[in-house]
Amino acid sequence: MDWGVETLWLWVLKDRTWQPGGLAIALKNLLLSGKMASNVEAPERWYLALLGFAEHFRTSSPPKIRLCVHCLQAVFQFKPPQRIEARTHLQLGSVLYHHTKNSELARSHLEKAWFISQQVPQFEDVKFEAASILSELFCQQNLVDSAKPLLRKAIQISQQTPYWHCRLLFQLAQLHTLEKDLVSACDLLGVGAEYARVVGSEYTRALFLLSKGMLLLMERKLGEVHPLLTLCGTIVENWQGNPIQKESLRVFFLVLQVTHYLDAGQVKSVKPCLKQLQQCIQTISTLHDDEILPSNPADLFHWLPKEHMCVLVYLVTVMHSMQAGYLEKAQKYTDKALMQLEKLKMLDCSPILSTFQVILLEHIIMCRLVTGHKATALQEISQVCQLCQQSPRLFTNHAAQLHTLLGLYCISVNCMDNAEAQFTTALRLTTHQELWTYIVTNLASVYIREGNRHQELYSLLERINPDHNFPVSSHCLRAAAFYIRGLLSFFQGRYNEAKRFLRETLKMSNAEDLNRLTACSLVLLGHIFYVLGNHRESNNMVVPAMQLASKIPDMSVQLWSSALLKDLNKALGNTMDAHEAAQMHQNFSQQLLQDHIAACSLPEHNLISWTDGPPPVQIQAQNGPTTSLASLL
């Protein structure tokens, strides 16, 4: 299943210079300046003392932020010159912004730093750092309309300062991206790429172009993506510089290629790129970052920390394994990624880590539902709810996926009315075309099972017609649409038509190694041949379906296949084989029944009734399962 590139990409361009602990850097610089030539005025001793005390309190364990702030505020008692006044306002604003909830006071200091620094010549670091942090604070306060003009002005006056000009362009582009204004973001990234070329920074030019390529993928402008990625590939291969920076560019480039293939449902075609990506991250893990600063100030960026890149590669590997039907492999890499995330989140509160965690959970939940572990899947859905409660933006980006997962869970426990409600809610919340198509496909399966929703069903099928104007380019989703048509024709007794649709599904799924669709199509074809009395041909379909379902493993297809094998062998007079198949069917039925009861008995089962607003904070327990088990037995 494709969740869409936009869910994955909250890109995190980090700079290598200023940190919130800039007090230490400022103190070091001032101490050095006291040893410079006599024509440079040495800083006042009182200022050095106060700055030293402030840094001591800030870096204490635990930090003593109140005392740090008092020391910095004391600077103003001495009526310092403008340079010291502006820098102190910046330091106060930064400390208050990063370490307290007093956003209004932080804003006041940052605004003063921005205003005063513009009157001081050659004071770029303070001036543009103030603009950058102040715009972040505005966004935090939902004052985006105040952040944009501030950043535009800072960009306008920073053209002679390559590092800051690039950093502010990235920041404004990210702001437009978070607002879903991808056109404006792409324009800014294009400006940044050209500026980086002019100032001789091919590395940062590649970062701008790769970021633009990422947004073009989100917009589905594939005609523009292909030449851009080709150009990026050439730049990355030709650039000679810091090995870690070079490899991180390659990871960025390959991640875009892999997600592009997965977005198109091309699970087999993506394998060479995915292998290159996995080799690339292994190379990075062996390199030591010596933190040698580049000679070109425009190169002072990196895309993601090594540890974050490692999790990201695990994530795209899980996405591939899920689509291909290698569910045990998906489980293995999910466990590794989640373990790594837990370690990282102890030291790093970056929002992208929570995004990675949610996407990993979304994929492993789908795996659990296929492998017959509904109770575990439900608990993990609840975990996603909890993560989304902590971040309104995370919930906004993942609400549709969350309701889709609940819809899939409802199907697995035969709560079809709730499944319909969940899918309908998800459709209302998504603007992503691939996710919309996936939801419609599953909603159509609900209507087919209910058997009495003909008008709604035909309306949906018209919108996902695989033979005519299919809404997305995804190979996987188009193959699934053929399967849904085949399933409907089977239930309607139009067996020849069903065979045509299912053979088309088989042809497409075999072309891209879509194992689950292959298994589902084979067992349904086997059922059709059994109904038609062609037992030999039915056996030729059901046996490989069972083998493939066992390899995935897909519990529902195993249950279906074992039931057919029991009846087939009975009809063919193979008593021993029929008994063995009956025993397998009994075992699968018992496993599914026990898991069904366990899932429906959990308090989280009540999530199936949630269709509006944010996730419920508390989930009340219920007496026990209320759903029918007939579909399982």
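The values are calculated or read from the model by the stated rules, or taken from the named source; none is laboratory data. Given the structure is predicted, the values throughout are model-derived calculations rather than measurements. Note that we place each Cβ from the backbone using ideal geometry, even for glycine, and neighbour counts take in every protein chain shown. Accessible surface is based on the protein model in full, side chains and every heavy atom, while ligands, DNA and RNA are left aside. Shrake-Rupley method; radii C 1.70, N 1.55, O 1.52, S 1.80 Å.
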So residue 177 fits all but one of (1) of a type in the set (Ser, Thr, Tyr); (2) over 20 Å from the mean Cα position of the chain (by Cα); (3) surrounded by 19 or more Cβ atoms within 10 Å (Cβ to Cβ); what number is the exception? (2)
Restricting attention to segment 255-273, and to residues there that are surrounded by fewer than 23 Cβ atoms within 10 Å (Cβ to Cβ) and over 16 Å from the mean Cα position of the chain (by Cα), which single residue is nearest to residue 473 (Cα to Cα)? 264
With the condition being modelled with pLDDT of 90 or more, under 21 Å from residue 149 (Cβ atoms) and out of contact with any helix residue (DSSP H, G or I) (no Cβ under 8 Å at 6 or more places or on another chain), I'd like the helices (runs of 4 or more DSSP H) fully within segment 21-133 carrying at least 2 qualifying residues. 103-117
If I go through segment 529-573 residue by residue, how many of them are in contact (Cβ under 8 Å) with a residue 24 or more places away in the chain, within 20 Å of residue 327 (Cβ to Cβ) and open to solvent by 10 Å² or more (accessible area, probe 1.4 Å)? 8
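Which of the residues that make up segment 188-209 are of a type in the set (A, V, I, L, M, F, W, C) and within 24 Å of the chain's Cα centre (by Cα)? Even if it seems obvious, please write down each step before you answer.
Applying the first criterion (of a type in the set (A, V, I, L, M, F, W, C)) to segment 188-209 yields 188-189, 191, 193, 196, 198-199, 206-209.
Residues satisfying the conditions are 188, 189, 206, 207, 208, 209.
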Among (1) in contact (Cβ under 8 Å) with a residue 24 or more places away in the chain; (2) in a helix (DSSP H, G or I); (3) more than 16 Å from residue 302 (Cα to Cα), the one test that residue 210 misses: (3)
Just checking, how many residues over segment 500-528 are open to solvent by 10 Å² or more (accessible area, probe 1.4 Å), under 20 Å from residue 556 (Cβ atoms) and over 34 Å from the mean Cα position of the chain (by Cα)? 1
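Going through 315, 231 one at a time, which residue ends up being surrounded by fewer than 17 Cβ atoms within 10 Å (Cβ to Cβ), at pLDDT 90 or above and among the aliphatic types (A, V, I, L, M)? Steps first, please.
Numbers: 315 fails: surrounded by fewer than 17 Cβ atoms within 10 Å (Cβ to Cβ).
Being surrounded by fewer than 17 Cβ atoms within 10 Å (Cβ to Cβ), at pLDDT 90 or above and among the aliphatic types (A, V, I, L, M) holds for just one of 315, 231, which is 231.
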Among the numbered criteria (1) touching a Pro at 6+ places or on another chain (Cβ under 6 Å); (2) under 30 Å from residue 560 (Cβ atoms); (3) not aliphatic (A, V, I, L, M), which single criterion is violated by residue 331? (1)
Residues that are touching a residue at least 60 places away in the same chain (Cβ under 8 Å), under 12 Å from residue 602 (Cα atoms) and surrounded by fewer than 20 Cβ atoms within 10 Å (Cβ to Cβ), drawn from segment 376-393: 379, 382
Taking segment 450-478 on its own, how many of its residues are open to solvent by 30 Å² or more (accessible area, probe 1.4 Å), under 17 Å from residue 506 (Cβ atoms) and either at pLDDT below 90 or in a loop (DSSP other than H, G, I, E, B) (or both)? 1
Log entry, pairs with first residue in segment 50-70 being touching a residue at least 24 places away in the same chain (Cβ under 8 Å), second being open to solvent by 100 Å² or more (accessible area, probe 1.4 Å) and part of a helix (DSSP H, G or I), beta carbons closer than 9 Å, six or more apart or on different chains, reads 50/78; 68/53; 68/56
Need the failing condition index for residue 481 against (1) out of contact with any Phe, Trp or Tyr (no Cβ under 7 Å at 6 or more places or on another chain); (2) among the small types (Gly, Ala, Ser); (3) within 25 Å of residue 509 (Cα to Cα), just the number. (1)
What single numbered condition from (1) buried (at least 22 other Cβ atoms within 10 Å of the Cβ); (2) farther than 21 Å from residue 279 by Cα; (3) small (Gly, Ala, Ser) fails to hold for residue 330? (2)
Of the conditions (1) within 24 Å of residue 320 (Cα to Cα); (2) open to solvent by 20 Å² or more (accessible area, probe 1.4 Å), residue 241 satisfies every one except a single condition; which number is it? (1)
Subset tally (residues that are closer than 17 Å to residue 251 by Cβ and of a type in the set (Gly, Ala, Ser)) for segment 314-345: 1
Return a yes/no flag: does segment 361-368 have any residue that is within 17 Å of the chain's Cα centre (by Cα) and more than 23 Å from residue 555 (Cα to Cα). no
Filtered residues of segment 134-174 (kept if surrounded by fewer than 20 Cβ atoms within 10 Å (Cβ to Cβ), of a type in the set (S, T, N, Q) and part of a helix (DSSP H, G or I)): 140, 146, 156, 174
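Results for (1) hydrophobic (A, V, I, L, M, F, W, C); (2) in contact (Cβ under 8 Å) with a residue 12 or more places away in the chain, shown as yes or no for each residue.
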site	(1), (2)
150	yes, yes
164	yes, yes
184	no, no
192	no, yes
204	no, yes
224	no, no
